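Report on the structure given below.
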Amino acid sequence: MSAAQPSASQQCSSLCIPLCIALTTGSRPHDLREPQPHDPRRHRYGGHVEPLVERMIEHYGLEPLPVEGTLFASTYRSAANTPDGGPVGTAMIGMYAHDPLSRSLFHRLPSDEIWHFYGGDPIRLVLLHPDGTSTDIWLGPDLAAGHLVQYTIPAGTWQAGELHPDGTYGLFGCTMAPGFTGSGFVAATRTELLASHADRAIDIERLTVADGHATTMPDGFAT
């Protein structure tokens, strides 16, 4: 298990952010630091929201994921289906932030999930493996600090993720084949994770759904 925590990266430059947008959405690059047209989603989170974070939410149309609350947008679902009716492949864009709070709580999926780092500050993935071991993975822009730009999480691994404590936002993408379906998502409970990974109690207490909270996606979500 890696215990080293790298320092936060510098915020993307004025050239980096538009490039990330062009690569991930195919849209024409423009400067997200400039005010965007009014959108009814603005200020719905209450309290202080970093202006850049708010504009990223607006640009990508990010919405809170059920159960976890992670800010995300589905960008691709294949027209072709697997024999059980799910998509052959899917892709999404996600963003971690502190304000509004956006992170991933411990959950597992039935297929491998490939994570891609697009821009912003480093993000940490906490992986609890079926054999009782665990791993910390940092995705980010600093190769010297050991950051990765892509990582595959094996099927059946309990996974959680969050932004670096000193960061403003971390933009990432996830792809799956077979694709993501709501029925394949299962969130963990503290009791089961503490029984199998007691040495990760601090992360488990922070990054697990509250007792009594739903652990499965709503019926019909991402079908």
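Details
- Of the residues examined, Pro83 is not one that is open to solvent by 20 Å² or more (accessible area, probe 1.4 Å) and within 12 Å of the chain's Cα centre (by Cα).
- Filter result for Asp31 (at pLDDT 50 or above, among the acidic types (Asp, Glu), part of a loop (DSSP other than H, G, I, E, B) and surrounded by fewer than 14 Cβ atoms within 10 Å (Cβ to Cβ)): no
- Some residue of the stretch 141-153 being aromatic (Phe, Trp, Tyr) and surrounded by 18 or more Cβ atoms within 10 Å (Cβ to Cβ): no
- Residue in the stretch 187-197 that is within 19 Å of the chain's Cα centre (by Cα) and open to solvent by 80 Å² or more (accessible area, probe 1.4 Å) present: no
- For the stretch 90-107, the set of residues classified as more than 18 Å from Pro165 (Cα to Cα) and of a type in the set (A, V, I, L, M) consists of Ala91, Met92, Ile93, listed by residue number.
- Of the residues Gly69, Gly47, the single one that is at pLDDT below 95, open to solvent by 60 Å² or more (accessible area, probe 1.4 Å), small (Gly, Ala, Ser) and closer than 27 Å to Leu207 by Cβ is Gly47.
- Residue list for the stretch 98-122, restricted to those being out of contact with any helix residue (DSSP H, G or I) (no Cβ under 7 Å at 6 or more places or on another chain), at negative phi, assigned to a strand (DSSP E or B) and not charged (D, E, K, R): His98, Leu101, Ser102, Ser104, Leu105, His107, Ile114, Trp115, His116, Phe117
The values are calculated or read from the model by the stated rules, or taken from the named source; none is laboratory data. Keep in mind that what you see is a predicted model, and the values were worked out from it rather than measured. With ideal geometry, Cβ positions are generated from the backbone for all residues, glycine too; neighbour counts draw on all protein chains shown. Protein only, heavy atoms only, side chains kept; ligands, DNA and RNA dropped before computing areas. Shrake-Rupley method; radii C 1.70, N 1.55, O 1.52, S 1.80 Å.
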